Each structure stands twice: as structure tokens, then as C-alpha cells.
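S.K.: Before I ask anything, here is the structure I am working with.
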Amino acid sequence: MSDCLIVGGGVIGLSLAYELAGHGCRVRVIDCGQPGKEASWAGAGILPPACPVADDPLEKLTAISNEMHRQWSAELLASTGVDNGYRRSGAVYLARNATAAEQLDRFAGLAHAQKIDAQRLTHTELDDLEPSLRPSGTVAAAYLVPDECQIRNPRHLKALLIGCACRGVEITSGAAAEDFEIRGGRIRAVRTNLGPLSADRVCIATGSWSAALAKKLGASPEIKPVRGQMVLVSLLRPAVSRIVNEGIRYLVPRADGRLLVGSTEEDVGFDRGTTVGAVAGLLQFALSLVPDLATAQVDRTWAGLRPATRDGLPYLGRVSGLDNAFIAAGHFRSGLQLSTGTALVMSQLIRGRQPDVDLTMFRVDRDQTSADIQGSPKRVRHELPLT
Ligand SMILES: Cc1cc2nc3c(=O)[nH]c(=O)nc-3n(C[C@H](O)[C@H](O)[C@H](O)COP(=O)(O)OP(=O)(O)OC[C@H]3O[C@@H](n4cnc5c(N)ncnc54)[C@H](O)[C@@H]3O)c2cc1C
């Protein structure tokens with residue numbers, strides 16, 4: 001019997017497994033499909049900077065996560081040989097109308113208050129930094145955020161899977177959790193299509209699919225899928241050297257010359273398909289920023305399902321009324337970024353330690369009735385509806 005059974009092998013479940021196993025726990029991860037192939041694979045891997053001395057628990061969790069990404073990337077490279085592409089590429093934030101510029105200025109003000117470097121750029125400075133960036137229309141505001149980092153999701157998941165295996169984590173693909181045997185205020189077994197599985201403690205980390213499973217534990221976190229489509233293009237030489245953010249869309253340059261163009265936010269249930277309209281819209285957006293992309297090759301398109309919550313905060317905590325049941329889900333647009341910090345605090349909670357971050361705000365039984373499903377701009381920096 002394992003010390004901890006983690007249901008869901010996305011970046012949240014695998015990171016938690018890696019962390020727990022690092023503390024000597026016997027961990028098993030089950031996934032109904034292939035681990036690391038859902039939202040966690042699909043994401044862009046953008047890691048915006050955060051304030052390390054913040055009081056706000058989300059900001060603190062983000063800052064801890066950022067520092068851990070730096071450490072884990074080096075550690076995983078050394079132990080698995082897989083380079084996850086972690087780098088401090090920096091980012092440019094753009095606004096092309098007055099309303100968007102106002103919002104961007106507010107966002108920069110917030111960043112300054114948190115001692116996050118965000119430098120307003122003149123047109124000439126923008127030109128000098130990114131000569132291929134020739135936005136159509138008027139650039140009403142532009143900022144340089146030098147500390148924005150990035151990671152290549154598929155590579156990070158590959159590194160995590162090998163890292164988990166090296167630490168003795170048992171990973172089972174094609175094992176779907178269907179129900180739970182509950183007695184005496186504890187989960188006695190997780191019922192799966194492969195039969196019942198027992199563990200001392202159980203953590204649900206099934207991303208967009210978590211609400212239905214949690215319901216079987218008597219919990220009612222509000223998590224729904226929000227589809228994000230992506231386009232990958234390749235060029236002979238890199239189009240831009242920094243991440244370019246405009247509203248909810250972005251260009252992410254990879255070190256090998258590829259460019260990721262994202263993304264959409266669509267309320268279409270569990271449909272992971274890509275559509276002509278969205279892909280055309282993303283390509284048009286990319287061309288409106290970098291006209292040279294007209295001759296670039298479209299490599300691939302895909303979509304993933306972000307686990308969205310009403311207030312933009314993930315659920316991190318114990319399930320009320322059950323001694324040994326935990327949930328870590330609902331990270332929406334920041335799950336790759338928050339995966340390391342989530343692993344740290346959930347591992348502390350599961351091992352009976354005091355978490356480094358106050359988790360009250362993230363508790364599973366919080367009231368969500370007055371919140372909006374996609375979160376507030378203050379809480380989810382990538383949610384700024386700038387355009
Ligand atoms: C287009 C896009 C761009 C994004 N960009 C970024 C970004 O730049 N930065 C960032 O930080 N985040 C980003 N995200 C968000 C991030 O990818 C997610 O928040 C994160 O991947 C969620 O991870 P997860 O492990 O909770 O979910 P998932 O990766 O979806 O994993 C859940 C796993 O649970 C398994 N599962 C489901 N039900 C069961 C069951 N009953 N039994 C067993 N297993 C089950 C699934 O098969 C899956 O493998 C992006 C997401 C998308 C889609």
C-alpha cells in the first residue's frame with residue numbers, strides 16, 4: 001500500500017509525487033489516459049515574475065513556485081538529462097488602444113508596488129529591443145518585463161516523469177478513478193477500472209475533471225474546463241527574442257526558432273478540438289505583430305482544457321469530513337507556473353506539516369457564489385482582458 005495515491009498525472013499530480021517521494025514517501029500516481037498529455041502538455045509555459053516578500057498568499061505561492069522552477073529545472077537536468085527549456089527570456093507587454101493602455105498602465109502600477117520590474121518603453125526602445133515586431137495600428141503602451149521566464153511543457157513533463165521514476169514513484173496509465181470506498185471518515189480505497197486501490201492518503205489532482213470526482217467525496221469545488229487553442233510555427237531564424245503578450249494572447253519564442261501562438265478562452269465543455277476560426281484568429285494576431293511570419297511554416301495546432309474556478313484561485317487543501325482526502329486542482333492559466341509551489345505546500349499538508357503558505361484562501365469548502373468563473377485580473381495576471 002502506498003503512503004499517498006495521487007489521482008491525475010498532469011503537472012500538478014506529477015510535481016506533488018516528485019516532491020513527496022523526495023521526502024521518502026511511497027507514492028503512486030494513476031491517470032485514466034497517458035500522464036502529462038492533457039492541459040499540462042498543451043500549455044505555453046509562461047512564468048511571469050512575482051513578488052517574493054508579498055503578504056498575499058497567491059503572490060507568495062507564485063514567487064515560491066518561480067524560485068522552485070529555477071531549482072527543479074537544474075536538478076531535473078542533472079538527474080534525468082532532460083533540458084526543460086527553462087529560461088529568463090523576458091517579455092514585452094503591448095496595448096494597441098486607449099482602454100487597453102489604461103489597463104496595462106494599471107497592471108504596471110501593480111507590478112511596481114510589488115517591486116516587480118516593468119519598464120515603460122518608447123516606440124524607439126521597442127523597435128531596438130524587438131526589430132521584427134512591427135505591430136499594425138498604433139502602439140498605445142508597451143512595457144518590458146525582464147524577469148518573465150518560460151519552460152517547455154512537454155519537456156518539463158518528460159523530465160518530471162523520469163524524475164518521479166528515479167525516486168520510486170509508481171505511475172499507472174489507463175487507470176481511471178471512478179468512485180471511493182469511504183468508512184469511518186476515511187477513504188479506504190479508490191475504485192478504479194483496474195480494481196480498488198488503497199493508500200494511506202489520497203489526493204485528487206485531475207485538473208478540469210476534478211469537480212465530478214470531488215462530488216463523490218461530498219465536496220463541491222466549482223471547476224470547469226476552458227479551452228485554449230494553440231498554433232506552433234517554425235521559422236529559419238527567431239522572430240522575436242522575448243515573449244510578447246497582448247491581452248490574453250501571446251507569442252512565445254522557443255530557443256530553436258519555433259514560435260508558439262496562443263491562445264483562446266472558450267467555454268465549450270470537454271471538447272479538445274481545434275477550429276478554423278480560432279486558428280485563423282491566432283495566425284492573424286501573430287501576423288499583425290510580426291509581418292515576417294507570412295512565410296513561416298505552420299507545424300502544428302492543438303487545444304487543452306484549463307481547469308477554471310469562479311474566483312481564479314486553485315483549490316488546495318483537505319476535503320472536509322475526511323481525514324485522508326486532499327484536492328489540488330483548478331489552476332486555470334497558471335497551473336504550470338504554480339505546480340512547484342503547489343507540490344511544496346500540498347506535500348507539507350499531506351505529511352502533517354505546517355504549509356509555508358497560508359492555505360485558508362484556497363480551501364476546498366470556500367464560498368464561490370459571488371465570484372466570476374474566470375477570476376479577477378488582480379489574481380490571475382495572465383487574465384488581464386487588455387484587448
Ligand atoms: C492553451 C493553454 C495555455 C496555457 N498556458 C499556461 C502558461 O503559460 N503558464 C501556466 O502556468 N499555465 C498555463 N496553462 C495552464 C496549465 O496548463 C494548467 O493549469 C495545468 O496544466 C493544470 O494541470 P493539472 O495537472 O491540474 O491538469 P491536467 O494537465 O489536465 O491533468 C489532469 C490529469 O488527470 C487525469 N484524469 C482526469 N480524470 C481522471 C480520473 N477519473 N482518474 C484518473 N486520472 C484522471 C487526466 O488524464 C490528466 O492527465 C495553459 C493551459 C492551456 C490549455
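S.K.: Expressed in nm to one decimal, what extension gain is obtained for the pair Asp256 and Val53 from 0.36 nm per residue of sequence separation less their Cα-Cα distance?
M.R.: 69.6 nm
S.K.: Using the Karplus curve 6.51 cos²θ - 1.76 cosθ + 1.60 with θ = phi - 60°, work out ³J(HN,Hα) for each residue of the stretch 125-136 in order, rounded to whole Hz, and write x for Gly and Pro.
M.R.: 5, 4, 4, 5, 6, 10, x, 7, 7, 10, x, 6
S.K.: Once the Cβ-Cβ distance between Asp179 and Asp271 is put in as r, and R0 is 30 Å, what FRET efficiency do you end up with, to the nearest 0.05?
M.R.: 0.75
S.K.: Quick one, what does Rg over Rh come out to for the chain if you take C-alpha atoms and the Kirkwood Rh?
M.R.: Working: Rg = 20.6 Å, Rh = 21.2 Å.
Result for the chain is an Rg/Rh of 0.97.
S.K.: A further question on this structure: So which lysines pass the test for Lys215, namely a Cα distance under 18 Å, with those fewer than 8 places away in the same chain ruled out?
M.R.: Straight-distance partners of Lys215: Lys224.
S.K.: Counting helices only, and only those DSSP H runs with n ≥ 4, report the 222 nm mean residue ellipticity of the chain as the sum of -39,500 (n - 2.57) divided by its residues, in deg cm²/dmol to the nearest 500.
M.R.: Here the helix-only value at 222 nm equals -9000 deg cm²/dmol.
S.K.: With angles folded into 0 to 90 degrees, how steeply does helix 11-22 sit against the dominant principal axis of the chain? Use alpha carbons for both and round to 10.
M.R.: 60
S.K.: Right, next: List the residues of the stretch 200-233 whose backbone N lies under 20 Å from a point placed 7 Å from the Cα of Asp299 along the Cα-to-Cβ direction.
M.R.: 228-233
S.K.: On to the next question. Students often check this: by mean Cβ neighbours within 10 Å, which of 294-301, 245-252, 18-25 ranks highest, and how do the rest follow?
M.R.: Most protected by this proxy first, the peptides run 245-252, 18-25, 294-301.
S.K.: Less than 12 Å apart at the alpha-carbon level, and either on another chain or at least 8 residues along: which aspartates and glutamates does that give for Lys158?
M.R.: Partners within reach: Asp83.
S.K.: How high is the relative contact order of the stretch 232-294, given as a whole-number percent (alpha carbon pairs under 8 Å, six or more residues apart)?
M.R.: Reported relative contact order: 28 percent.
S.K.: Quick one: angle between helix 98-113 and the longest Cα principal axis of the chain, in degrees between 0 and 90, rounded to 10, please.
M.R.: 60
S.K.: Considering only the chain, what is the antiparallel percent among its DSSP beta bridges, to the nearest 5?
M.R.: DSSP beta bridges in the chain are roughly 70 percent antiparallel.
S.K.: Along the Cα→Cβ direction, 7 angstrom out, place labels at Arg186 and Thr99. What is the inter-label distance in nm?
M.R.: 5.6
S.K.: Moving on to the next point. Taking 0.36 nm per residue of sequence separation and subtracting the Cα-Cα distance, how much length would be gained by fully extending the chain between Arg87 and Ser241, in nm to one decimal? If you can, show how the numbers build up before the last one.
M.R.: Values: separation 154, 0.36 × 154 = 55.44 nm, distance 1.15 nm.
Additional length available on full extension: 54.3 nm.
S.K.: Go through 112-120, 72-80 and give me the packing order, highest mean Cβ count within 10 Å leading.
M.R.: Result, highest mean Cβ count within 10 Å first: 72-80, 112-120.
Computed from the coordinates by the stated procedures, all read-outs in this text should not be read as laboratory data. Keep in mind that this is a model prediction, so the values were computed, not measured. Backbone-built Cβ (ideal geometry, glycine too); neighbour counts: all protein chains shown.
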